[in-house]
Amino acid sequence: SSRAATEAPAWRGLAGGICYSGWGPSGEAALAMAEHVQGMKLRDNTPVLLVTDIGRDIDDTLALIALCGFEAEKRVKIVGVVGTGGIPDKRARLARSWLRMLMGEERGGQVPVAFDAQPEGVPGKPGFFSIPEMDRQERDGPDFNLYPTGAAQLIVDMAEEHRGKLHLICISPLTPVAEALRRDLQVVQEGVVQIHMQGQATVNAAGVMEPDFQAFNLSEDRAAAKEVFEKLQGRIPFRLLGKHAAYRVSINRDDFQRWDERAGEKGYLTNCAKQGLEGLKEHLPAVFDRLYPLPPDKRDADDWFDSVQKISHPYDPLLVVAGCNEDLFDGKVVEPAGTNNIRHELIGMTEGGDAGVKDAEKAKQALGKAVEVGIQLIVDGSR
């Protein structure tokens, strides 16, 4: 965006040049794409770019921590992070702060991080919580080193650099992805091998997916969601993880307290979760009451949070886990007619049964392990 270009500091993190050779999905690209489509698994330092509205609820934070945990295990390599969904500049700075804690200053300060310009008529999600590390960086430095040409261009650049290998992990509105398609549709179609998306979709008789606007992320920018589905589902496999899968795998207060104890002075997660739930309670009270029911005498009490035991239904981190542990999930496979064997996986689109989660306890264990590996990175970096 123009704002990013004029306000962001000079970009220092992009190593090497980018050369677009103009070759299509054949040869090396076709082989890479075929391998990923068949396996649909994040492994062997798979390049991933995260699109997030971090700072509204705890799920985005847990997803980023888990993703860093999987990077430490060399399953993925984070090649970019995009902040979007209302006050995107703050969300990008928050992502940078977490990356520095998780990866250290050198790596965490150089992963490309960008934000998009909020489109007119798209309100963005309410609420934002900071962390002490971000407050310190805003006060004392170092600068946040944001990508100078904005979110859409970062997506295009990474699709070009990692052609036939890049995975997009979208746990937010799809605004910057749609803008990237307008900027260079061919490069995105040929560069991205799979899109992992938190949200739901409906499927018509021809196997064509439509975004389900009961999913909050997709409803925030409906035009962008429609554009991404229309332009990409015939070329790129989607993996969608819906709310009904997340409801099967809840994270409890004890889990958060254990993580915070391990992180020591940087144990921010329980407080971040509380701030996120406060925002949900204020802005979407009916949703809060359905997901986090409180005793009547605690609904308006100052200590209401003490009565919440299941603190998170982990929509976003569970999507990350599904990418690295697809054997734990059993989603519905959709193959639209005339799409040259493109297959999409839909997990947890409807309630009932196992909602595409084969073993909820094993899925929770895999999520917990990834977060704990990420937390250990923070501990090691603080020594």
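Key figures
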| quantity | calculated |
| --- | --- |
| G276 closer than 22 Å to V373 by Cβ, part of a helix (DSSP H, G or I) and not β-branched (V, I, T) | no |
| Tally, over region 333-372, of residues that are touching a His at 6+ places or on another chain (Cβ under 9 Å) and charged (D, E, K, R) | 2 |
| Subset tally (residues that are under 21 Å from the mean Cα position of the chain (by Cα) and open to solvent by 50 Å² or more (accessible area, probe 1.4 Å)) for region 265-286 | 3 |
| Selection from region 302-315 of residues that are open to solvent by less than 20 Å² (accessible area, probe 1.4 Å) and in a loop (DSSP other than H, G, I, E, B) | V308, H313, P314 |
| Failed criterion for I169 (all others in (1) outside any strand (DSSP E or B); (2) closer than 27 Å to K266 by Cβ hold) | (1) |
| Complete set of residues in region 311-335 that are among the charged types (D, E, K, R) and modelled with pLDDT of 95 or more | D316 |
| Top-ranked residue in region 316-362 [being among the small types (G, A, S), within 21 Å of C170 (Cβ to Cβ) and out of contact with any helix residue (DSSP H, G or I) (no Cβ under 7 Å at 6 or more places or on another chain); ranked as surrounded by the most Cβ atoms within 10 Å (Cβ to Cβ)] | A322 |
| Residue identified as modelled with pLDDT of 95 or more, in contact with a helix residue (DSSP H, G or I) (Cβ under 9 Å, 6 or more places away or on another chain), within 21 Å of G331 (Cα to Cα) and of a type in the set (A, V, I, L, M, F, W, C) among A245, A224, A178 | A245 |
| Residue within region 44-52 that is open to solvent by 10 Å² or more (accessible area, probe 1.4 Å), farther than 21 Å from M158 by Cα, in a loop (DSSP other than H, G, I, E, B) and at pLDDT below 95 present | no |
| Failed item in (1) among the aliphatic types (A, V, I, L, M); (2) within 21 Å of F129 (Cα to Cα); (3) part of a loop (DSSP other than H, G, I, E, B), with L294 passing the rest | (2) |
| Test result for M134, part of a helix (DSSP H, G or I) and under 30 Å from E227 (Cα atoms) | no |
| Members of region 230-264 that are more than 25 Å from K310 (Cβ to Cβ) and of a type in the set (D, E) | E230 |
| Where R299 falls short, out of the listed (1) loosely packed, with under 12 Cβ neighbours inside 10 Å; (2) under 30 Å from F129 (Cβ atoms) | (1) |
| Which numbered condition I169 fails, given (1) open to solvent by less than 10 Å² (accessible area, probe 1.4 Å); (2) over 20 Å from the mean Cα position of the chain (by Cα); (3) under 16 Å from V193 (Cβ atoms); (4) not aromatic (F, W, Y) | (2) |
| Check on I155, under 25 Å from L284 (Cα atoms), within 16 Å of the chain's Cα centre (by Cα) and touching a residue at least 60 places away in the same chain (Cβ under 8 Å) | no |
| Residue within region 87-107 that is farther than 27 Å from L277 by Cβ and not in a helix (DSSP H, G or I) present | yes |
| Residues within region 315-372 that are free of Cβ contacts under 8 Å to residues at least 60 places away in the same chain and either aliphatic (A, V, I, L, M) or within 23 Å of E190 (Cα to Cα) (or both), tallied | 4 |
| Residue in region 209-216 that is within 19 Å of S312 (Cβ to Cβ), modelled with pLDDT under 95 and of a type outside the set (K, R) present | yes |
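The values are calculated or read from the model by the stated rules, or taken from the named source; none is laboratory data. Quantities reported herein were computed from a predicted structural model and do not represent experimental measurements. Please note: Cβ atoms are built from the backbone with ideal geometry, for glycine as well, and neighbour counts cover all protein chains shown. When the accessible area is computed, the model is the full protein with side chains, heavy atoms only, and any ligands, DNA or RNA have been set aside. Shrake-Rupley method; radii C 1.70, N 1.55, O 1.52, S 1.80 Å.
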